[in-house]
Amino acid sequence: MNYVRLGNSGLKITELTFGLALTIGTEITDVSQAQALIDKAWELGVRSFDVANSYGNGKAEYLLGQCLNKYPREEYVLLTKGSLPVGSTPYHRGLSRKHIMWAFNESLKRLGKEYVDVYFAHRYDPEVPMEEIVRTFNDLVRSNRALYWGVSEWPYEALDECVAVCDRLGMERPVTEQFIYSFAVQKHVKSGYKDTCTKYGMGTMGFSPLCQGFLTGKYRNDIPSGSRIAKSDDIDYQKTKNFYPQNKERIDGFLNICDKYNADYVAVALQWCLRNGVYPVFGSSKVTQLEQNVKALDMEVPDAIWAELSAIE
Ligand SMILES: NC(=O)c1ccc[n+]([C@@H]2O[C@H](COP(=O)([O-])OP(=O)(O)OC[C@H]3O[C@@H](n4cnc5c(N)ncnc54)[C@H](OP(=O)(O)O)[C@@H]3O)[C@@H](O)[C@H]2O)c1
């Protein structure tokens, strides 16, 4: 597994970051099952782990912290996030200093760690002045409890303002933007995330690189039992099935081109992100998937595939 630099910052992450949304802390609440996944990720060389306070209502952070206890803290990168609602009052959401300071402290307690490597403003909050946001995240960085800060799916206008405010105040800019990114979902084109990151030298991290399973080919003929769609009521998450009607042409086109060259779907999906300079934040609900996904980085993909995929683009 290669280590890559996150934008212009000095922080290196592994090419693949393992994320926990909807798996550990949601469908997987047993610590030994969670440990098996984290141990497999570690054995395969993954050293970057992504979580958020909202995943599994905090259980994901708690379990991840427990599972990482056996590993030296300086040898992995821990990413977590705050701002999505974690309760019903105005104090349980958003980017106000009041919420973020509380949310961050709660995250550290659940993780059981002295610091996180990157703390993300999980979504933009137009109801908080940019100067308050910048000062709050910089205070966390100055306290050495977050080594860097990042943003996730911020409108590019907000990012422009953020960078201008950071520079005016002589404060640390966010080092990365984490946005949805896969061959199937092209939101980054309209949103301008990627171009804005390039402009500011920010690292680009792409979540859901397998389009929540669609780019593995698992939904091609039916909805397999045990899949995220089949589990949607149990895990209280209904969005996965919408990806197909919204991105049908790109998903079908992708699978057909892979079939034509007899190429591994996962290898093409993950390597496509890397070729485009975006570091995948992927998920796996089983050890076997995790193994397949990490090994996919080393698989040969015929060059002709990239040209055919660009033709769909
Ligand atoms: N910043 C944000 O706002 C944000 C938002 C969403 C996600 N994220 C991060 O991104 C991470 C990944 O998101 P994601 O889970 O949507 O990404 P994904 O990698 O596109 O999808 C992962 C899911 O696809 C299925 N899968 C994975 N590998 C497979 C394989 N080899 N064969 C068959 N099925 C396979 C599994 O679901 P089943 O086995 O259950 O079908 C797995 O949980 C999250 O954990 C989180 O850390 C961030």
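Yes/no per residue for (1) under 24 Å from G201 (Cα atoms); (2) near the ligand (Cβ under 10 Å from one of its atoms); (3) in a helix (DSSP H, G or I):
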residue	(1), (2), (3)
I251	no, no, yes
F254	no, no, yes
N262	no, no, no
L270	yes, yes, yes
L274	yes, no, yes
S285	no, yes, no
L290	no, yes, yes
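Filtering segment 297-308 to residues that are buried (at least 17 other Cβ atoms within 10 Å of the Cβ) and either part of a loop (DSSP other than H, G, I, E, B) or near the ligand (Cβ under 8 Å from one of its atoms) (or both) leaves only V301.
When residues in segment 168-204 are screened for being of a type in the set (F, W, Y) and under 25 Å from N256 (Cβ atoms), 2 of them pass. Contact map, segment 130-158: first residue closer than 21 Å to I13 by Cα, second residue part of a helix (DSSP H, G or I) and among the hydroxyl-bearing types (S, T, Y), Cβ cut-off under 8 Å, separation 6 or more or different chains; pairs are E153/S191; E153/Y193. Restricting attention to segment 21-47, the residues being under 20 Å from L297 (Cβ atoms), in contact with a Phe, Trp or Tyr (Cβ under 7 Å, 6 or more places away or on another chain) and not basic (K, R) number 3. When K194, K190 are checked against the criterion of being out of contact with any His (no Cβ under 6 Å at 6 or more places or on another chain) and either modelled with pLDDT under 95 or among the basic types (K, R) (or both), K190 stands alone in meeting it.
Set side by side, the residues G65, G45, G25, G7 differ, and just one is in contact with a Lys or Arg (Cβ under 9 Å, 6 or more places away or on another chain) and over 21 Å from K239 (Cβ atoms), which is G65.
Across segment 206-225, a minimum of one residue is classified as of a type in the set (D, E, K, R), surrounded by fewer than 17 Cβ atoms within 10 Å (Cβ to Cβ), without any contact (Cβ under 8 Å) to a residue 60 or more places away in the chain and within 27 Å of E27 (Cβ to Cβ). The single residue among R142, R123, R110 that is basic (K, R) and touching a helix residue (DSSP H, G or I) at 6+ places or on another chain (Cβ under 6 Å) turns out to be R110. Against the numbered list (1) more than 17 Å from the chain's Cα centre (by Cα); (2) at positive phi; (3) polar (S, T, N, Q), Q212 comes up short only at (1). Within segment 21-39, residues that are surrounded by 16 or more Cβ atoms within 10 Å (Cβ to Cβ) sit with their Cβ atoms under 6 Å from residues that are basic (K, R) and part of a helix (DSSP H, G or I), at 6+ positions apart or across chains, in these pairs: G25/K59. Looking at G112, G87, G94, G82, just one residue is within 13 Å of the ligand (Cβ to nearest atom) and over 30 Å from I251 (Cα atoms), and that residue is G82. Quick check: anything in segment 213-232 part of a loop (DSSP other than H, G, I, E, B), within 25 Å of V301 (Cα to Cα) and hydroxyl-bearing (S, T, Y)? Yes, segment 213-232 contains at least one residue that is part of a loop (DSSP other than H, G, I, E, B), within 25 Å of V301 (Cα to Cα) and hydroxyl-bearing (S, T, Y).
The values are calculated or read from the model by the stated rules, or taken from the named source; none is laboratory data. Here the structure is a predicted model, which means the values were calculated and not measured. As a convention, Cβ positions derive from the backbone with ideal geometry for all residues, glycine included, and neighbour counts pool all protein chains shown.
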